[in-house]
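**Q** I have a structure here, written as structure tokens, and I will follow up with some questions on it.
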């Protein structure tokens with residue numbers, strides 16, 4: 001197998017965007033937090049000049065707040081569930097994020113605490129997400145985790161947890177997930193993952209796993225209906241195939257064959 005590092009050429013940004021990792025965050029006790037808030041989102045960010053890396057301007061903070069409020073509602077609309085809890089978002093400067101939250105190139109969430117921790121990266125390249133939002137400093141991915149884990153239940157598999165987050169964000173490392181699958185098919189066909197490989201977490205590389213999971217979950221929702229797939233969110237790996245067959249009325253092998261045909265259309 002080719003070294004997965006080779007596919008970093010798909011986008012240089014993939015190096016700076018790490019995904020949701022298990023990390024216990026101890027919020028720093030300094031008083032240098034600014035607050036931008038509405039009834040659903042409380043955004044904490046560092047004052048200008050706090051560190052050598054840029055902090056958001058007040059205007060940028062307001063735009064991030066506006067975007068997160070949009071995602072907050074769009075996610076609920078997409079999964080047809082209601083969520084009313086306020087969400088906290090702590091935005092760290094790039095030069096302090098690695099020590100504070102374990103990554104200086106992205107973020108993570110703690111759904112049980114309704115909290116997102118993220119890195120503010122000022123020098124991002126132009127990108128418009130699937131909702132038409134231009135150049136979002138913080139995307140929808142972590143907000144999806146907050147909402148889905150609280151309204152659909154604790155995820156039974158990485159496949160469903162990350163699959164929902166990537167499907168509803170539409171991207172990984174600020175590049176459309178469809179583009180990853182097209183590139184994999186053309187240059188790294190061994191990275192196009194089957195449903196069984198995704199269930200078994202056959203690849204640890206997030207750049208491979210996440211786009212595949214997002215495309216699969218999107219396909220399932222479009223093929224079998226949202227409610228059936230929602231009901232699978234918290235099913236464990238050991239019971240997933242049986243529950244999938246019972247709920248959808250389709251055998252796992254039949255589904256996998258149809259999914260393979262779907263991927264061939266990319």
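Residue-by-condition table, conditions (1) outside any loop (DSSP other than H, G, I, E, B); (2) crowded, with 16+ Cβ neighbours inside 10 Å:
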residue	(1), (2)
202	no, no
207	yes, yes
212	yes, yes
223	yes, no
229	yes, yes
233	no, yes
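**Q** If I go through the stretch 244-263 residue by residue, how many of them are without any contact (Cβ under 8 Å) to a residue 12 or more places away in the chain and part of a helix (DSSP H, G or I)?
**A** Qualifying residue count, the stretch 244-263: 6.
**Q** Moving on. Of everything in the stretch 237-246 that's surrounded by fewer than 17 Cβ atoms within 10 Å (Cβ to Cβ) and in contact with a helix residue (DSSP H, G or I) (Cβ under 9 Å, 6 or more places away or on another chain), which residue is nearest to residue 154 (Cα to Cα)?
**A** By that ranking, first place goes to 237.
**Q** Sticking with this one: Evaluate the following for residue 27: is it out of contact with any helix residue (DSSP H, G or I) (no Cβ under 7 Å at 6 or more places or on another chain) and either at pLDDT 95 or above or part of a loop (DSSP other than H, G, I, E, B) (or both)?
**A** So residue 27 fits the description; yes.
**Q** Quick check on the stretch 123-136. Is at least one of its residues in a loop (DSSP other than H, G, I, E, B), in contact (Cβ under 8 Å) with a residue 12 or more places away in the chain and under 21 Å from residue 101 (Cα atoms)?
**A** Scanning the stretch 123-136 turns up at least one residue that is in a loop (DSSP other than H, G, I, E, B), in contact (Cβ under 8 Å) with a residue 12 or more places away in the chain and under 21 Å from residue 101 (Cα atoms).
**Q** Of these, 249, 214, which one is within 23 Å of residue 170 (Cβ to Cβ), at pLDDT 95 or above and assigned by TED's automatic domain parsing to the domain that holds residue 168?
**A** Working: 249 fails: within 23 Å of residue 170 (Cβ to Cβ).
Answer to the check: 214.
**Q** Name the residue, out of 64, 75, 101, that is at pLDDT 95 or above, within 18 Å of the chain's Cα centre (by Cα), farther than 14 Å from residue 137 by Cβ and surrounded by 21 or more Cβ atoms within 10 Å (Cβ to Cβ).
**A** Details: 64 fails: farther than 14 Å from residue 137 by Cβ; 101 fails: at pLDDT 95 or above.
Going through 64, 75, 101 in turn, the sole match is 75.
**Q** So if I check each of 45, 90, which one is outside the structural domain of residue 162 (by TED's automatic domain parsing), assigned to a strand (DSSP E or B) and in contact with a helix residue (DSSP H, G or I) (Cβ under 6 Å, 6 or more places away or on another chain)? Working first, answer last.
**A** On the way: 90 fails: in contact with a helix residue (DSSP H, G or I) (Cβ under 6 Å, 6 or more places away or on another chain).
Within the list 45, 90, the selection yields 45.
**Q** Which residue, of 143, 193, is touching a residue at least 40 places away in the same chain (Cβ under 8 Å) and buried (at least 19 other Cβ atoms within 10 Å of the Cβ)?
**A** 143
**Q** Still on this structure, please answer the following. Does residue 181 satisfy being surrounded by fewer than 21 Cβ atoms within 10 Å (Cβ to Cβ), at pLDDT 95 or above and touching a helix residue (DSSP H, G or I) at 6+ places or on another chain (Cβ under 6 Å)?
**A** Working: surrounded by fewer than 21 Cβ atoms within 10 Å (Cβ to Cβ): yes; at pLDDT 95 or above: yes; touching a helix residue (DSSP H, G or I) at 6+ places or on another chain (Cβ under 6 Å): yes.
Yes, satisfied.
The values are calculated or read from the model by the stated rules, or taken from the named source; none is laboratory data. Treat the numbers as computed from the prediction; the structure is a model and nothing was measured. Counting neighbours? That spans all protein chains shown, and the Cβs are built from the backbone with ideal geometry, glycine included.
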